[in-house]
Amino acid sequence: MSEHEIKFQKKIDAEVKIEPKDWMPEAYRKTLIRQMSQHAHSEIVGMLPEGNWVTRAPTLRRKLILLAKIQDEAGHGLYLYSATETLGISRDEMTNQLLTGKAKYSSIFNYPSLSWADMGTIGWLVDGAAIMNQVALQRTSFGPYARAMVRICKEESFHQRQGYELLIKMCQGAPIQKQMAQDSINRWWWPSLMMFGPHDADSPHTGDSVKWKIKRKTNDELRQAFIDATVPQAEYLGLTIPDPDLKWNKERGHYDFGPIDWDEFWSVVKGNGVCNKQRIKDRTKAYEDGAWVREAASAYAKKKKKTAVAN
Ligand code: BYC
């Protein structure tokens, strides 16, 4: 280990945040750029399954809530892109990596949103899983990432609650509404568990990320905490989690659960999910349609700079 590396690790161990201009190992910077840009892309791509239902929200109140949530996701993407830029990568480069398939985004957003109940389930399970991961990230070692997560977590908890409230209403409604909610959980439960990433034994990045305190908890620890918190919520709704092996284990003090289909996970991550192609097509179109806004904004910034210099 070099002297720089020893000093860096000492700082991490003493819980001192690493800031953009501090010395950091190249591998730390690379891991952060990879994880944070993947996180930002997930927020932006994550707007698409919900955008699908804005025009079909059943009431004005529900439409307003959904729109507010989707706008929040755009904001999260922006905080995260800005925080990642402090590591020396440009927003254009990150967008290019997403659109050319070089950068990943969360597997969950390659599943289709087929019914209105999915708007509740995405809030409850998908945002619920996201919060479980993001609460830990508020204490991540890189300052700009940790600070961005504080605000994101506050907004995510509103998202989770609005989803759960939507499902409470559906479960108290007509039998067909409750059936829609059940069908929705049947489709989203396992993909939500996959959001936490592969088992720790198969996770190549966890070792370094835990050492550098980028990750405060491992994939399996967070997945277990999510299951433990969510099962009683499903019981309250009167819905069944689609896992015959799910059972409280008194000795462990946790729920045991069935095997996750990792072949499905890797197939989706590699681009073969139901919606992968459509998601990238939609993001590419949005990027191209927005070109005139970027051009106008930089022309305006240039003009302002010129005027400031002249004065
Ligand atoms: N999907 O060594 P591992 C939201 C990849 S959005 C796709 O465990 P790591 C919301 C991983 O990248 C919230 N790929 O990796 C928005 C790696 O591949 P590469 C999104 C996955 O990084 C709108 C390989 O598998 N949250 O809340 O240590 C509406 C090996 O994995 C996935 C975040 O992004 C996956 N699920 O741990 C509603 C949180 N899992 O890069 C809601 C920030 C793993 O070597 N990210 N891979 O090619 C993290 O905390 C970590 O990156 C992960 C993975 C826990 C996801």
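Taking the residues in the range 37-81 that are among the hydroxyl-bearing types (Ser, Thr, Tyr) and in contact (Cβ under 8 Å) with a residue 24 or more places away in the chain as candidates, determine which candidate is most open to solvent (accessible area, probe 1.4 Å). It comes out as Tyr79. Can you tell me which residue within the range 16-36, out of those that are crowded, with 18+ Cβ neighbours inside 10 Å and more than 16 Å from the ligand (Cβ to nearest atom), is farthest from the chain's Cα centre (by Cα)? Per the stated criteria, the residue is Met24. Residues of the range 206-234 that are within 11 Å of the ligand (Cβ to nearest atom), closer than 21 Å to Glu5 by Cβ, part of a helix (DSSP H, G or I) and not polar (S, T, N, Q): Gly207, Asp208, Val210. Please determine whether any residue of the range 51-59 is out of contact with any helix residue (DSSP H, G or I) (no Cβ under 8 Å at 6 or more places or on another chain) and near the ligand (Cβ under 9 Å from one of its atoms). Within the range 51-59, not a single residue is out of contact with any helix residue (DSSP H, G or I) (no Cβ under 8 Å at 6 or more places or on another chain) and near the ligand (Cβ under 9 Å from one of its atoms).
The set of residues from the range 104-151 being assigned to a helix (DSSP H, G or I), open to solvent by less than 10 Å² (accessible area, probe 1.4 Å) and away from the ligand (no atom under 12 Å from the Cβ) comprises Ala117, Gly120, Gly143, Ala146. For the residues Ala225, Ala297, Ala234, the requirement of being over 28 Å from Arg29 (Cα atoms), out of contact with any helix residue (DSSP H, G or I) (no Cβ under 9 Å at 6 or more places or on another chain) and open to solvent by less than 90 Å² (accessible area, probe 1.4 Å) singles out Ala297. Please verify whether Val210 is open to solvent by 40 Å² or more (accessible area, probe 1.4 Å), within 30 Å of Leu78 (Cβ to Cβ) and under 14 Å from the mean Cα position of the chain (by Cα), treating the condition exactly as stated. In short, no. Hey, any hits in the range 191-206 for a residue that's among the β-branched types (Val, Ile, Thr) and farther than 19 Å from Ala117 by Cβ? Yes - at least one qualifying residue is present in the range 191-206. For the range 152-170, the set of residues classified as aliphatic (A, V, I, L, M) and either open to solvent by 20 Å² or more (accessible area, probe 1.4 Å) or touching a Ser or Thr at 6+ places or on another chain (Cβ under 8 Å) (or both) consists of Leu167, Ile168, listed by residue number. Per the conditions (1) surrounded by 15 or more Cβ atoms within 10 Å (Cβ to Cβ); (2) closer than 30 Å to Ala57 by Cα, the sole criterion not satisfied by Ala174 is (1). Taken over the range 1-57, residues that are among the aliphatic types (A, V, I, L, M) and more than 30 Å from Val274 (Cβ to Cβ) amount to 9.
The values are calculated or read from the model by the stated rules, or taken from the named source; none is laboratory data. Note that this is a predicted model, so its numbers are computed, not measured. Counting neighbours? That spans all protein chains shown, and the Cβs are built from the backbone with ideal geometry, glycine included. In case anyone asks, the SASA skips ligands and DNA or RNA and just uses the protein heavy atoms, side chains included. Shrake-Rupley method; radii C 1.70, N 1.55, O 1.52, S 1.80 Å.
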